[in-house]
Amino acid sequence: MSRLRGHTESALASACFGLAPIFAKKGLLSGLHPLYGAAIANATALVFLIFFFVAARQYKGWAVATRTGLMFAVLAGLCNSVALVSFYWAMAIEKVSIVVPITCTYPLFTMMLAYLAMKESEVIDGFMVIGTLLVVVGVLLTI
Amino acid sequence: MDAGIFLSILCAMAWGTQSVFLKKAMRNLPLSTAILITLLTNFLALVFMIEIGGGEGLSALVQVPMSICVYFMLAGFFNYFLGRALYYSSFRFISVTRSTAISASYPVISVVFALTALSEKLSVLQFVGIGLTLSGVYLLLVKERK
């Protein structure tokens, strides 16, 4: 059951990630700088999350937060920021047809890093490698 | 190496790495706290980039018309709030590699939405790409169930 939930959530996340660029594209057609658009989008999500955080009394979670957990969460946020900035910077100086296919290979980096850093919980087998490669190659052909 | 290619690889590495860090963070943090910290870090980095980027800075942000803001607000709701919450939540039930590969199939969803909303036509290569992506997702789902 929990696996089914994990699969469903990641598939729904894919649908959300797929829907968002349609709205972002419509907004960018106005000529607004992408960084401003990203800031508005991020701020909106932040407001929703803070509202949820307070309404559902999720702030109690701070009590169980450890320094290690906080450090990794900040690192994840920093990685996201580096990705965002390097993406826009690359788009500004390189062709889209080169930047987008390279950046779409990120699941391969996740697989490699998970294999190296999370051996205790991540089982990487042949099916997973082939499945991930098929997704990456398929996405490269689709975009 | 060309700077553009270097930055593209850096972007892929950073995107690929953040999910591993997040999974490690969620061993010691509730999901909502982990998302809040990543979003807050992201927002501060964006504000910093806008401020040092020259131009009109943050003051220009409040002058963006509401009709345009709405599109980015919807994008933010679906991507950063709902999408990211579901994506990070799935880490609790399946491996980060599997979750990342499944959620990385989103360009196919975008193409399907674009087909519906904009009546675009697909090339043969795009059909092959969608087929390969769905095959990959199917393989990841079926193997996990076994």
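Every number in this text was worked out from the coordinates using simple rules, so none of it is lab data. Small disclaimer: the values here were computed from a predicted structure and weren't measured. Counting neighbours? That spans all protein chains shown, and the Cβs are built from the backbone with ideal geometry, glycine included.
Tabulated data
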read-out: Cα-Cα P(r), the protein assembly as shown, percent of pairs per 5 Å interval; value: 1, 6, 11, 16, 20, 18, 14, 9, 4, 1, 0, 0
read-out: Share of pairwise Cα separations in the stretch A:53-126, more than 13 Å, in percent; value: 78
read-out: Per-selection Rg to Rh, the stretch B:1-120 - Cα, Kirkwood hydrodynamic radius; value: 1.01
read-out: For residues of B:59-68, the mean tally of beta carbons on other chains within 10 Å; value: 3
read-out: Computed lengthening from A:LEU29 to A:MET112, 0.36 nm per intervening residue step minus Cα-Cα distance; value: 26.2 nm
read-out: Candidate lysines - alpha carbon under 28 Å from A:LYS119, same-chain residues fewer than 8 apart omitted; value: B:LYS23, B:LYS24, B:LYS143, B:LYS146
read-out: Inter-chain shielding of A:119-131 (mean C-beta neighbours from other protein chains, 10 Å cut-off); value: 4
read-out: Using alpha carbons only: equivalent-ellipsoid semi-axes of the stretch A:83-143, gyration tensor based, whole Å; value: 26, 15, 6
read-out: Alpha-carbon centroid distance for the pair the stretch B:86-122 / the stretch B:13-32, whole angstrom; value: 19
read-out: Test item: A:90-98 mean partner chain Cβ contacts at 10 Å; value: 4
read-out: Ellipticity estimate at 222 nm from DSSP helix runs (n ≥ 4, -39,500 (n - 2.57)) divided over chain A, nearest 500; value: -27000 deg cm²/dmol
read-out: Normalised alpha carbon radius of gyration of chain A [divisor 2.2 N^0.38 Å]; value: 1.24
read-out: Total charge dipole magnitude, the stretch B:18-146, about the Cα centre, Cβ charges on Lys, Arg, Asp, Glu only, Debye to nearest 20; value: 820
read-out: Exposure proxy order (Cβ contacts within 10 Å, fewest to most) of B:THR100, A:THR132; value: A:THR132, B:THR100
